[in-house]
1. Can you tell me which residue is nearest to Arg396 (Cα to Cα) among those in the stretch 14-40 that are out of contact with any strand residue (DSSP E or B) (no Cβ under 7 Å at 6 or more places or on another chain), modelled with pLDDT of 80 or more and in a helix (DSSP H, G or I)?
2. Contact list please: Cβ distance under 7 Å, first residue in the stretch 320-338 and closer than 15 Å to Leu257 by Cα and assigned by TED's automatic domain parsing to the domain that holds Gly264, second residue of a type in the set (S, T, N, Q) and surrounded by 18 or more Cβ atoms within 10 Å (Cβ to Cβ), pairs at least six apart or on different chains.
3. Can you tell me which residue in the stretch 343-366 is surrounded by the most Cβ atoms within 10 Å (Cβ to Cβ), limited to those that are of a type outside the set (A, V, I, L, M) and either at positive phi or in contact with a Leu (Cβ under 6 Å, 6 or more places away or on another chain) (or both)?
4. So for the stretch 152-174 (the condition being in a loop (DSSP other than H, G, I, E, B), within 22 Å of Arg227 (Cβ to Cβ), at pLDDT below 85 and under 43 Å from the mean Cα position of the chain (by Cα)), does at least one residue qualify?
5. Going through Asp507, Asp523, Asp527 one at a time, which residue ends up being touching a Phe, Trp or Tyr at 6+ places or on another chain (Cβ under 8 Å) and not hydrophobic (A, V, I, L, M, F, W, C)?
6. Would you point out the residue of the stretch 1-13, among those that are at pLDDT 85 or above and part of a loop (DSSP other than H, G, I, E, B), that is surrounded by the fewest Cβ atoms within 10 Å (Cβ to Cβ)?
7. Which pairs turn up if I take residues in the stretch 382-394 that are modelled with pLDDT of 70 or more and surrounded by 19 or more Cβ atoms within 10 Å (Cβ to Cβ) and look for partners that are part of a helix (DSSP H, G or I) and polar (S, T, N, Q) with beta carbon separation below 9 Å, at least 6 apart in sequence or on another chain?
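The values are calculated or read from the model by the stated rules, or taken from the named source; none is laboratory data. Given the structure is predicted, the values throughout are model-derived calculations rather than measurements. Counting neighbours? That spans all protein chains shown, and the Cβs are built from the backbone with ideal geometry, glycine included.
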Amino acid sequence: MGAPLFILSFRHRDELTRLAEGAGWQPIAARRADNAEARFIASGASVALVDARGSLDEGLGAVRAIADAVEANAAALLVLVSRKDARALDAFHQHGATHFLVSPFTEPQLLHALLFARRHAERAGGDIRRREEGEGASWRWHPGSRSVELSPALARQAGLGEDDGRRISLMELFRKLDPDGRRAARNAVDRLLDTGQATAFAHRGEAGEGRIAHHMQVQGGGGIVGRAETLDIPERLPAGRDPLTGLRDGRAARAWLAEQLTAGEGPIVLLLSVNRYDAINAAFGRTTGDAVLQAAGRRIERHVEADGRRRLVARMAGAEFAVLLGAPATLDEGSFLAGELVEAIGRPFASGDHVITLGAKAGVASAQAGDDPAALLRRASAALAEARDVDSAPVRVLAEGAETATARGDRLEVDLRRALDQDEIGIRYQPQVSVTTGAIVGVEALARWNHPQYGELGANTLFGVAEGSDYLVQLSDHVQRKAIEEAAAWPEPLRSLRLSVNITAADMLRPAFAASFLALVRDSGFDPARLTVEVTEGGLIDDLGAAAALLADLRGGGLRVAIDDFGTGYSNLAYLKALPLDYLKLDKRISQDIAGSTRDRIVVRSVIDMARSLGLDVVAEGVETEEQLSLLAQEGCTLYQGFLCAPPISTDALISLLQG
């Protein structure tokens with residue numbers, strides 16, 4: 001598989017993806033800049049391609065969003081711009097782009113630009129970044145065999161002449177390792193055979209060659225392949241210093257991590273990002289901004305008491321600092337220290353006549369088996385990106401084996417496409433119960449996905465993933481069609497129940513949606529008089545007139561209409577009066593407030609009275625206790641659904657519930 005390439009293109013994503021795949025890259029492509037920093041980090045790419053052609057402002061924003069992560073991870077950032085926007089190249093350079101290409105250009109020119117960008121990334125990584133596996137110094141061994149096959153390069157390093165062949169006995173190979181190296185090799189092989197996951201070990205080379213790392217993985221047929229990498233890391237830290245702050249620079253930080261990882265230690269990485277640095281530069285000028293950044297670096301260094309051996313502080317990029325903790329540091333220690341540093345950065349800075357207040361966010365990650373510096377720094381960067389996205393949590397800790405939310409979301413996007421193709425999205429039905437009689441009179445159809453890794457995922461997760469991809473309409477179509485066709489085939493005990501299905505804001509924007517939906521109902525054989533469509537407030541706001549016309553068409557076809565999750569959005573009485581509705585469904589938080597304070601109860605009572613005055617039946621969602629049900633009944637609710645009766649259940653379970 002080729003090297004990963006992160007692509008962000010607002011207009012030409014698919015074209016660039018096909019071109020990159022044809023050239024042997026592994027593209028990870030996006031069309032929107034949402035969460036761009038975290039997605040770049042999760043991609044594992046050493047080259048980011050931002051296509052700003054025809055989208056100059058979006059391109060500048062994207063470059064600004066990912067530039068620090070690109071620099072901190074020793075990557076390259078290639079920007080594509082239209083000829084008419086070439087004047088903006090200075091701005092792209094200021095924001096962190098490392099390479100550019102002005103259109104029109106040919107496909108070979110673009111592919112060569114990507115190769116130059118990758119070469120830049122390899123050099124920026126100080127040759128510590130793993131290269132793609134090639135001929136090089138490598139070896140192969142089949143478990144059970146008494147000999148190891150060496151590549152020509154490794155055979156020469158082992159002192160084997162041309163006449164000796166390229167096989168060496170295990171015993172002879174082990175004698176060439178120092179005692180610690182032999183133990184590390186045995187442990188690594190055991191680990192690889194037990195887990196099947198790539199790993200590594202290191203040993204001292206002969207004749208003062210320095211340390212040699214062996215990166216191992218299982219290949220087809222069960223054989224083990226190892227790639228030997230000489231780590232010419234000096235005993236003392238390199239002298240690389242950041243010219244602005246005097247702290248260690250990114251190259252020195254990566255070299256320190258490489259030494260720790262090669263020695264089998266488990267370092268902890270804290271990445272700390274200073275907030276508002278760009279705003280300080282804009283408000284007070286670059287001189288003041290630099291002075292504040294220098295002061296922040298000194299404050300971090302004093303707090304950490306770095307000694308260059310067990311702890312190291314470095315400026316990685318822009319306003320981003322790294323604090324590296326050597327063994328026996330723990331994630332708890334790293335998390336506690338990160339919190340202290342965030343608090344320290346939050347204390348005001350004095351610069352000349354100005355008193356400036358900053359903030360900070362931090363990401364913390366621990367080393368895992370088989371890590372190199374790039375992989376470890378990327379996990380810390382992913383944790384930092386998630387901390388930036390959450391207002392209430394300034395520190396995000398990524399424990400060993402944990403998956404970032406971004407990586408999980410990207411995985412689910414890919415898996416969702418497969419699940420739709422293979423009909424893996426099922427339907428569950430949550431009963432709707434008459435408040436006065438206690439009889440089940442209807443059900444709401446809800447999507448469920450039994451994911452092989454994450455277990456059962458509900459409708460909120462499913463539609464959230466679909467909304468971030470290009471599959472929202474396909475998912476909505478699938479759920480509506482499957483629910484209606486299943487209900488049309490219900491056995492006798494269920495044939496009196498009403499069915500409620502959800503339509504999305506995206507559905508309401510589709511041309512002729514009402515006609516196609518009514519045709520689906522008609523073709524299924526399900527009685528339209530027993531069908532309710534539910535739409536959330538957010539789907540009604542953009543164009544009230546169009547929403548009213550669509551809902552009127554659906555009602556004209558014999559369906560009923562409900563507004564869902566009322567109380568979470570705009571809750572505007574004017575549009576409630578303007579729309580052709582039959583039901584108002586209270587959001588579960590509103591329903592549960594009925595058992596709260598007197599003020600809460602007054603608010604719920606007002607909403608129910610308003611609905612009833614408009615001739616609407618009221619359905620309370622999320623009812624969990626008899627107290628809630630009793631109070632809602634007193635206020636005039638017509639129907640309820642929630643765990644007090646049942647969670648979303650299968651058709652068979654629904655039949656049992658009705659007959660029980």
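1. Glu37
2. Listed pairs, sorted by first residue: Gly326/Gln260.
3. From the stretch 343-366, those of a type outside the set (A, V, I, L, M) are 343, 346-349, 351-354, 357, 359, 361, 363, 366; that's our starting set.
Pick out the ones that are also either at positive phi or in contact with a Leu (Cβ under 6 Å, 6 or more places away or on another chain) (or both) and you get 352, 363, 366.
Values: Gly352: 10, Gly363: 26, Ser366: 23.
Restricting to residues being of a type outside the set (A, V, I, L, M) and either at positive phi or in contact with a Leu (Cβ under 6 Å, 6 or more places away or on another chain) (or both), the top hit is Gly363.
4. Restricting attention to the stretch 152-174, the residues satisfying the condition of being in a loop (DSSP other than H, G, I, E, B) are 158-161, 165-166.
Keeping just the survivors that are within 22 Å of Arg227 (Cβ to Cβ) gives 158-160, 165-166.
Narrowing further to those that are at pLDDT below 85: 158-160, 165-166.
Narrowing the set further to residues that are under 43 Å from the mean Cα position of the chain (by Cα) leaves none.
Among the residues of the stretch 152-174, not one is in a loop (DSSP other than H, G, I, E, B), within 22 Å of Arg227 (Cβ to Cβ), at pLDDT below 85 and under 43 Å from the mean Cα position of the chain (by Cα), which makes the answer no.
5. Values: Asp523 fails: touching a Phe, Trp or Tyr at 6+ places or on another chain (Cβ under 8 Å); Asp527 fails: touching a Phe, Trp or Tyr at 6+ places or on another chain (Cβ under 8 Å).
After ruling out the rest, the residue left standing is Asp507.
6. From the stretch 1-13, those at pLDDT 85 or above are 4-13; that's our starting set.
Next, from what is left, pick out any that are part of a loop (DSSP other than H, G, I, E, B): 10-12.
Numbers: Phe10: 18, Arg11: 14, His12: 18.
Step by step, filter the stretch 1-13, then rank; the result is Arg11.
7. If the second residue must be part of a helix (DSSP H, G or I) and polar (S, T, N, Q), the pairs left are Ala382/Thr406; Ala385/Thr406; Glu386/Thr406.
Let's see how each residue does on (1) among the basic types (Lys, Arg); (2) surrounded by fewer than 20 Cβ atoms within 10 Å (Cβ to Cβ); (3) not in a helix (DSSP H, G or I):
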| residue | (1), (2), (3) |
| --- | --- |
| Gly246 | no, yes, yes |
| Gln260 | no, no, no |
| Leu270 | no, no, yes |
| Gly289 | no, no, no |
| Arg298 | yes, yes, no |
